[in-house]
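What follows is one structure encoded as structure tokens, with my remarks underneath.
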Amino acid sequence: MPIIKSASAPRFDLEGLTVHGLAAPSRGSSETCVWRLALAPQTKGTPHSVDREEIFVVLAGRATATIAGEPHELAPGDALIVPANETFALANPHAERFEAIAVLPVGGLAAMPAGAPFAPPWTA
């Protein structure tokens with residue numbers, strides 16, 4: 001059974017977003033990708049979609065998830081289920097850092113509005 005140590009998990013940095021890749025095919029999983037994400041305070045959401053259901057479990061902080069134009073407030077312990085092919089954005093308009101675990105089936109693709117589908121690097 002592969003164990004991915006947090007200290008050795010690959011890190012990906014985008015504007016206001018840090019992702020630590022945990023489970024993915026390159027790290028031994030065959031069916032499910034899992035990553036830990038952090039949104040810096042005052043980070044705006046980036047509208048996008050995924051072609052599979054994606055789940056977020058909030059660990060710390062608060063955030064606003066906008067799904068199909070409707071905002072939803074998230075707090076520690078909450079779980080967000082984003083339906084496949086639904087446009088959504090995750091924003092942190094608050095003063096504290098937001099952290100969550102995200103889960104997506106292996107092979108899931110993301111897409112920006114009017115963009116071509118792509119595999120996020122933390123899911124490889």
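Every number here is computed from the coordinates shown, using simple stated rules; none is lab data. Nothing here was measured: the structure is a model prediction, and the numbers come from that model. Here Cβ is always computed from backbone atoms with ideal geometry, including for glycine, and neighbour counts include all displayed protein chains.
Of note:
- Some residue of region 20-28 being within 16 Å of A89 (Cβ to Cβ) and under 14 Å from the mean Cα position of the chain (by Cα): no
- The residues of region 40-64 that are free of Cβ contacts under 8 Å to residues at least 60 places away in the same chain, of a type outside the set (D, E, K, R) and part of a strand (DSSP E or B), listed by number, are T43, I55, F56, V57, V58, L59, A60, A63, T64.
- Top-ranked residue of region 9-19 - restricted to ones that are in contact (Cβ under 8 Å) with a residue 40 or more places away in the chain and buried (at least 16 other Cβ atoms within 10 Å of the Cβ), ranked as nearest to A124 (Cα to Cα): P10
- Residue check, V50 closer than 17 Å to A119 by Cβ, crowded, with 19+ Cβ neighbours inside 10 Å and β-branched (V, I, T): yes
- Against the test of being part of a strand (DSSP E or B), touching a Leu at 6+ places or on another chain (Cβ under 8 Å), surrounded by fewer than 18 Cβ atoms within 10 Å (Cβ to Cβ) and not basic (K, R), the options I4, I81, I101 yield a single qualifying residue, I101.
- Test: residue in region 90-98 that is in contact with a strand residue (DSSP E or B) (Cβ under 7 Å, 6 or more places away or on another chain) and surrounded by fewer than 17 Cβ atoms within 10 Å (Cβ to Cβ): yes
- Taking the criterion of being in contact with a strand residue (DSSP E or B) (Cβ under 6 Å, 6 or more places away or on another chain) and either in a loop (DSSP other than H, G, I, E, B) or of a type in the set (S, T, Y) (or both), the residues of region 7-31 that qualify are A9, P10, G16, T18, A24, S29.
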